1. Could you state how much accessible area Arg56 has, in square angstrom rounded to the nearest 10, with a 1.4 Å probe and all protein chains kept in place?
2. From the protein chains alone at 1.4 Å, what is the descending order of accessible area for Ile258, Ile215, largest first?
3. Might you report the magnitude of the Cβ-based charge dipole of region 70-146 about its Cα centre, with Lys and Arg at +1 and Asp and Glu at -1, to the nearest 20 debye?
4. Heavy-atom accessible area of His478 with all protein chains present, probe 1.4 Å, nearest 10 Å²?
5. Express the carbon and sulfur contribution to the solvent-accessible surface of region 55-121 as a percent, rounded to the nearest whole number, probe 1.4 angstrom.
6. Note down the relative contact order for region 20-155 as a percent, whole number, built from C-alpha pairs under 8 angstrom at least six residues apart.
7. Rounding to the nearest 20 debye, state how big the charge dipole of the chain is about its Cα centre with +1 on each Lys and Arg Cβ and -1 on each Asp and Glu Cβ.
8. Determine the principal axes of the Cα atoms in region 111-150, then give the extent along each, sorted from largest to smallest and rounded to whole angstroms.
Amino acid sequence: MELNKLKLTELVPLISKGEVRPHEIIIDVFKRVQEVEGKVKAYITLTVEKAYDMAREAENAIFSGKKSLLTGIPIAVKDNICTKGILTTCASKILYNFYPPYESTVTSKLLNNKYILIGKTNMDEFAMGSSTENSGFHITKNPWDLERVPGGSSGGSAAAVAADECIAALGSDTGGSIRQPASFCGVVGLKPTYGRVSRFGLVAFASSLDQIGPITKCVADAALLMNVIAGHDPMDSTSAPIESSDFTEYLGKEVKGIKIGIPKEYFIEGMDKEVEERIKDAIEELESLGCIPVEISLPHTEYAVATYYIIATSEASSNLARYDGVKYGLRVQGKDLLEMYMKTRSRGFGTEVKRRIMLGTYSLSAGYYEAYYKKAQQVRTLIKNDFEKAFEKVDFIVTPTAPSPAFKIGEKIDDPLQMYLSDIFTISVNLAGVPAISIPCGFSEKGLPVGLQIIGKPFDEAGILQLAYAYEQSTPWHKMKPLL
Ligand code: GLN
């Protein structure tokens with residue numbers, strides 16, 4: 001048996017019964033990495049030696065009866081999540097030598113479970129992008145078609161899961177970076193409610209939008225991973241003081257009578273016809289399971305991309321001020337302090353990061369703050385209100401995750417506006433702070449995966465997972481694997 005191909009929910013019972021040892025799992029995972037990583041390039045750092053040490057620790061825990069949920073499970077972690085003593089670059093040259101002196105809360109929770117870290121995955125630099133082409137190191141390829149992007153910014157995590165180079169992964173989502181790559185790679189990606197999962201140790205991009213979440217091979221796996229990573233954290237002041245629930249609670253429960261809202265603004269002129277068809281089929285499938293589709297309106301949707309790119313760039317320009325060559329990361333010497341700052345930042349940051357720092361600095365500057373940043377915050381409230389109103393009528397909202405399947409490498413890299421539009425269906429969710437999942441819902445004629453997005457009320461991840469699970473179980477998509 002190739003253990004790397006198994007799901008989290010399949011491996012956990014095998015480990016519990018003693019039928020499989022953590023060692024055997026990572027042997028299969030690294031064998032797979034050796035076979036395909038040269039083509040896919042999902043990782044920035046592979047932690048092979050560390051993984052064998054961790055497997056030993058997991059086995060000791062099992063032998064001494066101290067096993068917990070994820071003991072011995074190989075997981076890949078996006079490279080903007082701090083892992084103590086393990087290189088964490090954010091795919092930026094400015095952090096090429098950054099070994100964090102502390103552990104993020106999510107990976108601490110995984111460590112308490114005695115998980116196995118396989119490596120740190122590639123991403124767009126500082127999570128800015130929709131294709132992983134903005135990585136300062138290399139481009140990750142889509143396992144379904146190596147000429148195409150895996151989506152972004154968590155493209156490395158999504159590709160690693162799709163290619164069976166790990167069992168599950170963590171990503172981060174500021175405007176779609178878990179869901180869009182999950183949809184491009186034919187896997188499951190959940191962005192939890194803002195505040196549900198601690199951001200302590202997540203390198204900040206846009207702090208009012210960033211959330212960590214799971215990228216997995218199936219819906220039940222996402223629920224299981226959420227059971228470990230979610231919950232209040234005193235180390236993160238934006239973490240919600242809410243009791244964490246059992247996210248597997250409603251898996252397998254009936255979905256009859258559930259009202260699903262179909263926002264008319266999400267089925268627009270110019271959208272990819274195949275995506276539209278797959279989503280319509282998925283809605284019919286949900287209807288056949290007893291769900292009731294209701295047409296709804298989210299009237300401020302058209303302002304979401306503009307609003308997001310003012311808020312996200314403003315917050316980024318402030319968050320990224322810390323990379324100045326003084327405390328950590330790259331330092332390029334200059335004749336004085338100012339020149340050292342300038343040389344370090346111009347050499348360390350890539351083009352997209354610089355573009356965003358300039359946009360954000362401009363929006364926050366004294367003369368323009370009222371016109372741009374303040375206005376964007378006001379529109380953000382209108383977008384949030386749209387969701388609140390819609391959720392008075394329906395239980396969930398169903399939309400495409402992305403307007404097209406995976407595009408070709410190089411296709412949008414010289415046109416930032418086109419690239420920004422890849423997140424047109426995911427961005428509003430971050431602005432409103434609500435949770436949403438992307439699950440596979442079929443393929444294009446070229447054999448590229450298409451993703452269905454299910455958006456829920458704040459803190460209703462368990463409900464989203466219930467509906468997603470019902471759909472997944474009645475369709476064959478999650479069983480398909482790319483031929484690599
Ligand atoms: N693609 C969006 C951006 O470039 C979202 C990125 C993300 O979610 N991290 O900002």
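The values are calculated or read from the model by the stated rules, or taken from the named source; none is laboratory data. Everything numeric in this text was worked out from a predicted model, so none of it was measured. Here Cβ is always computed from backbone atoms with ideal geometry, including for glycine, and neighbour counts include all displayed protein chains. SASA here: full protein model, heavy atoms, side chains in, ligands and nucleic acids out. Shrake-Rupley method; radii C 1.70, N 1.55, O 1.52, S 1.80 Å.
1. 120 Å²
2. Numbers: Ile258 25, Ile215 0 Å².
Result, largest first: Ile258, Ile215.
3. Details: 7 positive and 6 negative charges, 66 e Å.
Using only the charged Cβ atoms, the result is roughly 320 debye.
4. We get 40 Å² for His478.
5. On the way: 1230 of 2280 Å².
Carbon plus sulfur share of accessible area: 54 percent.
6. Values: 273 pairs, mean separation 36.1, N = 136.
Value for region 20-155: 27 percent.
7. Values: 54 positive and 59 negative charges, 260 e Å.
Charge dipole, the chain, about its Cα centre: 1240 debye, nearest 20.
8. Cα extents, longest axis first: 37, 24, 15 Å.
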